[in-house]
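Asks: Let me begin by handing over the structure; questions about it come next.
The values are calculated or read from the model by the stated rules, or taken from the named source; none is laboratory data. Computed from a predicted structure; not experimentally measured. Cβ atoms come from the backbone with ideal geometry, glycine included; neighbour counts cover every protein chain shown. Note: areas computed on protein heavy atoms with side chains; ligands, DNA, RNA excluded. Shrake-Rupley method; radii C 1.70, N 1.55, O 1.52, S 1.80 Å.
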Amino acid sequence: MDERARRDVAAQRERLAEGLRAYGAGFTELGRRFAVLLGVHSTDAFALLEITSAEVRGAPLSPALLSKRIPLSSGAMTALLNRLEQAGYVVRTRGHSDRRAVTLHSTTQARELAEQFFGPVNDRQDAVLSRYPSKVLEQFETLLAELHSTMDLQSGGR
């Protein structure tokens, strides 16, 4: 790649990074407001969102998998899950075949509160996304995954 092409790519990377940072900041602020609504710490609210999102994807999280998404020590993760469970937002379920395996599930109350809070934002985002062909959105998903993988390498796989 020649010098001009290298500069153009770097400039595009910076524009994309700025857009992603702005989106991330907006999402973080929404998560903070959701935490206030729930009466929990923002880390707890983000953990609840991870648990709920995993359920929607059909792949409930274990505490260990959640700790890969929300980097906390084992003790801090246990305390977080205890708080969410005591607040009535999460239940821990033991597997039928392996009783040692624990999966995390959001309660109906938590899902309803999340839908009331995030529903309008999701509707607006869906309206934006619906203006793009699915192929473009698939390419964007691929781009995000590839960009994320470069950060994983920098941070030692986390």
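Rundown of residues vs (1) modelled with pLDDT of 95 or more; (2) charged (D, E, K, R); (3) within 19 Å of the chain's Cα centre (by Cα); (4) surrounded by fewer than 12 Cβ atoms within 10 Å (Cβ to Cβ), yes/no style:
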| residue | (1), (2), (3), (4) |
| --- | --- |
| Met1 | no, no, no, yes |
| Arg15 | yes, yes, no, yes |
| Gly19 | yes, no, yes, yes |
| Tyr23 | yes, no, yes, yes |
| Gly26 | yes, no, yes, yes |
| Arg32 | yes, yes, yes, no |
| Ala35 | yes, no, yes, no |
| Leu38 | yes, no, yes, no |
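Asks: Going through Ser62, Ser67, Ser42 one at a time, which residue ends up being under 16 Å from His105 (Cβ atoms) and of a type outside the set (A, V, I, L, M)?
Replies: The unique qualifying residue is Ser62.
Asks: Within region 63-75, which residues are of a type in the set (Ser, Thr, Tyr), in contact with a helix residue (DSSP H, G or I) (Cβ under 8 Å, 6 or more places away or on another chain) and open to solvent by 40 Å² or more (accessible area, probe 1.4 Å)? Before the answer, list the steps.
Replies: Residues of region 63-75 of a type in the set (Ser, Thr, Tyr): 67, 73-74.
This time we only want the ones that are in contact with a helix residue (DSSP H, G or I) (Cβ under 8 Å, 6 or more places away or on another chain), so: 67, 74.
Matches in region 63-75: Ser74 only.
Asks: Out of all the residues in region 70-80, is one or more under 23 Å from Glu146 (Cα atoms), at pLDDT below 95 and under 16 Å from the mean Cα position of the chain (by Cα)? Talk me through it step by step, then tell me what you get.
Replies: So the first thing to find is which residues in region 70-80 are under 23 Å from Glu146 (Cα atoms), and the list is 70-71.
Of the ones still in play, those that are also at pLDDT below 95 are 70-71.
From the residues that got through so far, the ones that are under 16 Å from the mean Cα position of the chain (by Cα) too are 70-71.
Within region 70-80, one or more residues are under 23 Å from Glu146 (Cα atoms), at pLDDT below 95 and under 16 Å from the mean Cα position of the chain (by Cα).
Asks: Within region 83-107, which residues are assigned to a loop (DSSP other than H, G, I, E, B), of a type in the set (Ser, Thr, Tyr) and modelled with pLDDT under 95?
Replies: Ser97
Asks: Answer with yes or no whether Ala10 is part of a helix (DSSP H, G or I), without any contact (Cβ under 8 Å) to a residue 60 or more places away in the chain, farther than 16 Å from Phe117 by Cβ and open to solvent by 40 Å² or more (accessible area, probe 1.4 Å). Don't jump to the end; show me each part of the working.
Replies: Values: part of a helix (DSSP H, G or I): yes; without any contact (Cβ under 8 Å) to a residue 60 or more places away in the chain: yes; farther than 16 Å from Phe117 by Cβ: yes; open to solvent by 40 Å² or more (accessible area, probe 1.4 Å): no.
In short, no.
Here is a yes/no grid of residues against (1) of a type in the set (Ser, Thr, Tyr); (2) without any contact (Cβ under 8 Å) to a residue 40 or more places away in the chain; (3) farther than 29 Å from Leu143 by Cα:
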position	(1), (2), (3)
Ala17	no, yes, no
Gly26	no, yes, no
Val56	no, yes, no
Pro60	no, no, no
Ala64	no, yes, no
Leu72	no, yes, no
Gln109	no, yes, yes
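Asks: I'd like to verify a number: residues in region 51-62 that are open to solvent by less than 40 Å² (accessible area, probe 1.4 Å) and part of a helix (DSSP H, G or I), how many?
Replies: If we filter region 51-62 for residues that are open to solvent by less than 40 Å² (accessible area, probe 1.4 Å), which is where we start, we get 51-52, 54, 61-62.
So of that shortlist, the ones also part of a helix (DSSP H, G or I) come out as 51-52, 54.
Within region 51-62, residues that are open to solvent by less than 40 Å² (accessible area, probe 1.4 Å) and part of a helix (DSSP H, G or I) number 3.
Asks: Taking the criterion of being part of a loop (DSSP other than H, G, I, E, B), at pLDDT 95 or above and under 30 Å from Ala17 (Cα atoms), would at least one residue in region 110-130 satisfy it? Step through it out loud before you land on a result.
Replies: Step one: list which residues in region 110-130 are part of a loop (DSSP other than H, G, I, E, B), which gives 130.
With the extra rule that they be at pLDDT 95 or above, the set shrinks to 130.
Next, from what is left, pick out any that are under 30 Å from Ala17 (Cα atoms): 130.
Yes: region 110-130 contains one or more residues that are part of a loop (DSSP other than H, G, I, E, B), at pLDDT 95 or above and under 30 Å from Ala17 (Cα atoms).
Asks: Pairs needed: first member in region 120-136, surrounded by 10 or more Cβ atoms within 10 Å (Cβ to Cβ); second member anywhere, basic (Lys, Arg); C-beta distance under 6 Å; at least 6 residues apart or different chains.
Replies: Pairs found: none.
Asks: Here is a further query. Go through region 80-110 and count every residue that is open to solvent by 40 Å² or more (accessible area, probe 1.4 Å) and hydrophobic (A, V, I, L, M, F, W, C).
Replies: Kept after step one, since they are open to solvent by 40 Å² or more (accessible area, probe 1.4 Å), are these residues of region 80-110: 82-83, 85-87, 91-94, 96-101, 103, 105, 108-109.
This time we only want the ones that are hydrophobic (A, V, I, L, M, F, W, C), so: 87, 91, 101.
Residues flagged as open to solvent by 40 Å² or more (accessible area, probe 1.4 Å) and hydrophobic (A, V, I, L, M, F, W, C) within region 80-110 amount to 3.
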